1. Which of Asp15, Asp26, Asp105 moves most in a GNM of the chain, Cα contacts under 10 Å?
2. Test of understanding: in a Gaussian network model of the chain with alpha carbons linked when under 10 Å, which of Val119, Val236, Val151 would top the mean-square fluctuation ranking?
3. Give me the number: length gained by fully extending Asn211 to Asp137, i.e. 0.36 nm times residue separation minus the C-alpha to C-alpha distance, one decimal in nm.
4. Under the rule that an exposed site lies in a DSSP loop and has at most 14 other Cβ atoms within 10 Å, name the longest stretch of the chain with no trypsin sites (Lys or Arg not before Pro) of that kind, not counting the sites themselves.
5. Please give the direction-averaged projected area of the C-alpha convex hull for the chain, in square nanometres with one decimal.
6. Extending each Cα 7 Å along its Cβ direction at Phe229 and Ala261, get the distance between those two points in nm, one decimal.
7. For segment 124-206, just say rounded, prolate or oblate: build the C-alpha gyration tensor, square-root its eigenvalues into a ≥ b ≥ c, call rounded for a/c under 1.5, and beyond that prolate if a/b exceeds b/c, oblate if not.
8. When the accessible area of segment 165-242 is split by element with a 1.4 Å probe, what percent falls to carbon and sulfur?
Amino acid sequence: PTVDIYANSDLLLNDFAFRTATGFIDVPAGVNINIGVAPGNSSSVNDVIATFPTVFEDGKTYVVIANGIVGNPVTPFTLVVTDAGREAAGDPSLVDIAVLHGSPDAPAVDVDAVFVGNVLSNLAYGDLTPYLGLTPDVYDLAIRPAGFPAVVATYRADLSALAGGAAVVFASGLLAGTPGFGLFAALPNGDVFQLPATPTARVQVIHNSPNPTVDVYAGEQLLIDNFEFRTATPFVELPADRDFVIGVAPDNSTSASDAIA
């Protein structure tokens, strides 16, 4: 639910809603601060239902994420904290992204950037990654159970206008319950937006050129391995509404750079 956040006895955040964020704020360092979480209709710090004693270190930048389910012994309510938060990218030509697996009933996952390659492997519930420096672009993020090829869902992250910026992308909600699963991004100014599902097209590929067996790449990723003359793929879903390169390479290829067309 919506909550109130106290710092010691002082109200820090009033009616703080689910899936929202603050901008970065200055807090005292080197002193004990009890962070208290109370229902949104609280009247004082005496109404808190969870308290987290905290000491912030001087000069560090923190991201604090409330996560978990109140009263659940397996995925209890807690705070996920990093002292390596970023308000801007380390390299002004890149976008710095940290990722939180915050879906309590989802397994560990692998995350692939479609047409690019694997981005994260075996990300378990509660894990918050270090920041990754990405080229500003449109990314389609395919979510897979860790170690398995089947994609559960794919979400589009348009980072093309965020050069020099930073964000925390967080998985939120439940796979089998309410609120439903989704990916969200929190910007340093406190804006939060939901990543939409990737639009897709159904595509079948037919090899009808009397040439040797080939490998077919979509961007940097191998799409069809050892594709023989007069054979065809079934229909598969590929991301729509964006540019990418189809590369055809000899069947002994090792990467998209081996493409001959």
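1. Asp26
2. Among Val119, Val236, Val151, the largest GNM mean-square fluctuation belongs to Val236.
3. Values: separation 74, 0.36 × 74 = 26.64 nm, distance 3.50 nm.
Length gained, Asn211 through Asp137: 23.1 nm.
4. Numbers: sites that count: Arg19, Lys60, Arg230.
Between the exposed loop sites, the longest stretch runs 61-229.
5. Mean projected area of the Cα convex hull: 16.2 nm².
6. 1.3 nm
7. Values: a/c = 1.69, a/b = 1.20, b/c = 1.41.
In terms of gyration-tensor shape, oblate.
8. The value for segment 165-242 is 54 percent carbon and sulfur by accessible area.
The values are calculated or read from the model by the stated rules, or taken from the named source; none is laboratory data. Everything quoted here is computed from the prediction, not taken from an experiment. So basically every Cβ, Gly included, is an ideal-geometry build from the backbone, and we count neighbours across all protein chains shown. Each accessible area value is taken on the protein alone, full model and side chains, heavy atoms only, with ligands, DNA and RNA left out. Shrake-Rupley method; radii C 1.70, N 1.55, O 1.52, S 1.80 Å.
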